[in-house]
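A quick write-up on the structure given underneath.
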Amino acid sequence: MKSKILDAVGISAAVLCLIHCIAFPLLMIIPLGISHNPYIDMAFLVIGAVVVYRVTKHMTNRWLKLLFWTSVILIAISVTVDFIFEIHIPLMYAGAAGLIAGHLINFRNHKH
């Protein structure tokens, strides 16, 4: 039951992250006076890493565990590059999509 709830939280956070990553550059085209805040990306990274840690702590499926942690690492690289060089690289999209896929697979394979 706990893993099911964590997967739901993980899916929600990853989808919100992906929406943020896709919609924000489009909003910057419109002159609204907003700018990118990398701390929002950091918040998504922390939430994702905590959920992935809790989900994979007792997981036996190595491929799924690799998918989860590779996705978190891709997001971490993107956030780090954004903090250091102020460049938004597309690794964030791949990481968020990987987290969504991993949580959906884990949710589907979980014995309810």
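Counted by neighbouring Cβ atoms within 10 Å, the residues R54, R62 run from fewest to most as R62, R54.
Hey, what did the chain get for relative contact order, percent, Cα under 8 Å, at least 6 apart?
39
Size descriptors for segment 2-109: radius of gyration and Dmax over Cα atoms are 14.3, 49 Å.
We did not get these values from a lab; they are worked out from the coordinates using the rules stated. Please read these numbers as outputs of a predicted model, since none were measured by experiment. Neighbour counts run over all protein chains shown; Cβ positions are idealised from the backbone, glycine included.
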